[in-house]
1. By accessible area of protein heavy atoms, probe 1.4 Å, what ranking do Tyr173, Tyr65 get, highest first?
2. Could you check how many percent of all C-alpha pairs in the chain are farther apart than 24 Å?
3. Mind checking the per residue accessible area of the range 1-98 for me, 1.4 Å probe, whole number of Å²?
4. Can you work out the base-10 log of I(q)/I(0) for the range 94-171 at q = 0.16, 0.24 1/Å, using the Debye formula on its C-alpha atoms alone?
5. What percent do you get for the relative contact order of the range 1-43 when only Cα pairs under 8 Å and 6+ apart count?
6. Looking only at Cα atoms, what is the convex hull volume of the range 123-204 per residue, in Å³?
7. So with the 1.4 Å probe, I'd like the accessible area per residue for the range 125-204, rounded to whole Å².
8. Only Lys, Arg, Asp and Glu count, each charged at its Cβ (+1, +1, -1, -1), so figure out the dipole size of the chain about its Cα centre, rounded to 20 debye.
Amino acid sequence: MSVLPLVFTSGWASGVNAYAVVLVLGFFGATGLSDEVPESLQRPEVLITAGVLFLGEAVADKIPYVDSAWDSVHTLIRPASGAWIGALLAGQSGSLSDLTAGAIGGSTAPASHAVKAGTRMAVNSSPEPISNVIISVAEDLGVGGIVTFAMFHPEAAAVIAGVLLVAGLIMLYFLVSRIRRFQRRRAQRREERRLAARAGPPPS
């Protein structure tokens, strides 16, 4: 069986939460539930590191503005993770070249990352923080659920990931105006802080 559907799904998922993908795949490989997972993703140090970073993301991802800063830091990390995981899966399967798998994972992850980061910027334009928590939990559960589903039904999972990706990109297109408003408000706050720092404390 071609590993292509699993590579595509893991690439999409890596753009949303790369650490969750490593943990789910590593769990299936380490427990012997799947032979598709390469040895390097099952190593204890890899799983421990991914677990610590996942917990860090789980916290940062639920705090307004902190989540956008976290997304900025991961602009390169998530696509690189998607390419790395794709190449590893291809090397384990042998049904797809490492270069092709890396290209698929490395191109799918930036698209889903853009959807995630753009959605968060739009959500942060709202003053209430509960939306961040709801979206973060939904993303974590969605990534874990779809990657788990992909281990048993890779083609169906790839279709779901593809639909979510296209729907997310369409939604992002309509959220552009809200994202721009968020960026203007952030720039205005920075300017206000700069002017306040230049003015100094009020005289006593």
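1. Tyr173, Tyr65
2. 43
3. Per residue, the range 1-98 has 43 Å² of solvent-accessible surface.
4. Cα-only, vacuum Debye calculation for the range 94-171: -0.71, -1.26.
5. Working: 23 pairs, mean separation 11.4, N = 43.
Across the range 1-43, relative contact order equals 26 percent.
6. Normalising the Cα hull of the range 123-204 by residue number yields 125 Å³.
7. It amounts to 69 Å² per residue over the range 125-204.
8. On the way: 16 positive and 15 negative charges, 294 e Å.
Rounded to the nearest 20 debye, it is 1420 debye.
The values are calculated or read from the model by the stated rules, or taken from the named source; none is laboratory data. Values in this document were obtained by computation on a predicted structure and should not be read as measured data. Heads up, the Cβs are rebuilt from the backbone with ideal geometry, glycines too, and the neighbour counts pull from every protein chain shown. Ligands, DNA and RNA are excluded from the accessible area calculation, which covers all protein heavy atoms including side chains. Shrake-Rupley method; radii C 1.70, N 1.55, O 1.52, S 1.80 Å.
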